[in-house]
Ligand SMILES: O=C(O)CCC(=O)C(=O)O
Ligand SMILES: [Fe+2]
């Protein structure tokens, strides 16, 4: 096992069995009410130090109450087992929720602000397509309505094109997602303004009608302008957001896949610990399996692959990446000055040891596998080539630890007189301040090596 890991990447045969989906407990969508009620009742409790004080913690000693949002932390208290009675009694009395229920509820609550703004946006959008033209048809010079609709379509297309272009041209790549979210947000705010303007115009139209007067259709220009603006800014973002958060049929499979990846991570880190001659729980205990992010990559078919790249040479953030890829191929690993294809094997997962960092929207996250194993495990440089055979999809599960102040250095048990530490102890913050690591330079880890070993 140890030997395999020196070859940078191993193929780990773990079948993803769709039948498992059927065995998963169904997600209780109404648990959120119970969870909020219970956590309000338990607001006075102190936050426990040990994961065992949480009910039905699905993974023993590792507590998974993500998403970790400070504002929602009080909700975690719904799963605290009180000492006054048994957990069974508390469950029956409806004063105890499971960790899984709390986690689900937090994910839903996190979406609420966006959902509510999408509802306003959706309503204004449908009113804009149905009610606004109806309004125009009841006003003077309604024959010009077609021009107003064309005007709105031009604004929508122009704003959509310009805002996308401006973001891709002037916003640094690492901030582009944030800029897209901001653009969508401004669009949803516009929809509220549009709603107010349309309401005022309609009130005025009805008042005039009472006095048997009619209004000119040109009163509708502001609301059509706003409609075009809000659609141009937010339609794309809302679509993208919805497709990544809402599809029901994908919900179950994603949860199952997520759970399978946690289990794979547990097994993997046990095996890696054993391969290092350590206690099977060693790597788990130092926080290697505390956080996992799933990232999907889509590589469109490219007519001239030799002129483009899929993903440039890099090494992954975090400790380990578990990757599932389709049958198209294109992933390559750098080993002994050569690029090797990692050919897709049906039903197999690719396990990649990480050590670098990557900019992400929320934070920069990275901890070193190579560093903590004192070079026993080498992280792998890899890239993905474009291809003209067809589009390719891969799903990566990145195991990492986001704690900024936690110190990581070579594992003491691996050190001896003949195997002295090659790296200093560092924190995430130190890594963040190191420019070459930030740039993901090929020799970046060498620069960290202690003076006696460099050069
Ligand atoms: O798509 C792949 O096969 C690899 C993706 C990858 O390297 C990454 O997301 O870090
Ligand atoms: Fe990667």
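The values are calculated or read from the model by the stated rules, or taken from the named source; none is laboratory data. Because the structure is a prediction, the values reported are computed rather than measured. Positions of Cβ are generated from backbone atoms using ideal geometry, with glycine treated the same way; all protein chains shown enter the neighbour counts.
Looking at the range 366-385, which of the residues that are assigned to a helix (DSSP H, G or I) and surrounded by 24 or more Cβ atoms within 10 Å (Cβ to Cβ) is modelled with the lowest pLDDT? Write out each step before concluding.
Looking only at the range 366-385, we keep the residues that are assigned to a helix (DSSP H, G or I), and these are 369-372.
Filter once more, keeping what is surrounded by 24 or more Cβ atoms within 10 Å (Cβ to Cβ): 369, 371.
Numbers: 369: 73, 371: 79.
My answer is 369.
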Residue in the range 174-187 that is more than 30 Å from residue 311 (Cα to Cα), in contact with a helix residue (DSSP H, G or I) (Cβ under 9 Å, 6 or more places away or on another chain) and surrounded by 13 or more Cβ atoms within 10 Å (Cβ to Cβ) present: yes
Residues located in the range 89-121, provided they are at pLDDT below 80, over 27 Å from the mean Cα position of the chain (by Cα) and under 26 Å from residue 263 (Cβ atoms): 91
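Regarding residue 296, is this residue surrounded by fewer than 16 Cβ atoms within 10 Å (Cβ to Cβ), in the same structural domain as residue 427 (by TED's automatic domain parsing), over 13 Å from residue 387 (Cβ atoms) and near ligand 1 (Cβ under 10 Å from one of its atoms)? Step through it out loud before you land on a result.
Working: surrounded by fewer than 16 Cβ atoms within 10 Å (Cβ to Cβ): yes; in the same structural domain as residue 427 (by TED's automatic domain parsing): yes; over 13 Å from residue 387 (Cβ atoms): yes; near ligand 1 (Cβ under 10 Å from one of its atoms): yes.
Yes; evaluated as a whole, the condition is true for this residue.
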Search result, residues across the range 402-427 that are modelled with pLDDT under 85 and touching a helix residue (DSSP H, G or I) at 6+ places or on another chain (Cβ under 8 Å): 402, 403, 404, 405, 406, 408, 409, 423, 424, 426
Cross-chain or 6+ apart pairs with Cβ under 6 Å, the range 125-151 first and in contact (Cβ under 8 Å) with a residue 24 or more places away in the chain, then in a loop (DSSP other than H, G, I, E, B) and surrounded by fewer than 17 Cβ atoms within 10 Å (Cβ to Cβ): 140/214
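For (1) assigned to a helix (DSSP H, G or I); (2) crowded, with 17+ Cβ neighbours inside 10 Å, each residue gets a yes or a no:
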position	(1), (2)
71	yes, no
75	yes, yes
83	no, no
103	yes, yes
121	yes, yes
125	yes, yes
131	yes, no
146	yes, no
